[in-house]
1. Just add up the charged neighbours of ASP11: K/R +1, D/E -1, any other residue whose Cβ is under 14 Å from the Cβ of ASP11.
2. Using 0.36 nm times the number of residues separating LYS14 and SER47, minus their current alpha carbon distance, what extension gain do you get?
3. Can you give the convex hull volume of the alpha carbon atoms of segment 10-77 per residue, in Å³?
Amino acid sequence: KAQSQQYLTPDEEKAMFKFLLLMSSLGHPVRIKFIPSLAFSIAHRRSTVTKPIKPPGKNWAQAFEKRHKELKARKVRAIDWKRYENNI
């Protein structure tokens, strides 16, 4: 029953997981705020005219991260302005 209640199908979720790992390995980690919109665009492709797809819930991204332990959320801090000239 839980599988039928998931927002993405298992294949879609696996593809999204692989995409997130690929982006991270290429040096472009995806922000956690972007994940629900990515899931919505994936789910929107399988929607029909009679049954439109709603966006995922507000805690869906955190639950997705808990289901896939290989994804690691990192906080990125901005560069201090005093170091700005040295790093350019």
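Values quoted throughout were computed directly from the atomic coordinates according to the rules given, and no laboratory measurement underlies them. Keep in mind the model is a prediction, meaning the values are calculated, not measured. Neighbour counts run over all protein chains shown; Cβ positions are idealised from the backbone, glycine included.
1. +2
2. Working: separation 33, 0.36 × 33 = 11.88 nm, distance 1.87 nm.
The LYS14-SER47 span can extend by a further 10.0 nm.
3. Convex hull volume per residue, Cα atoms: 95 Å³.
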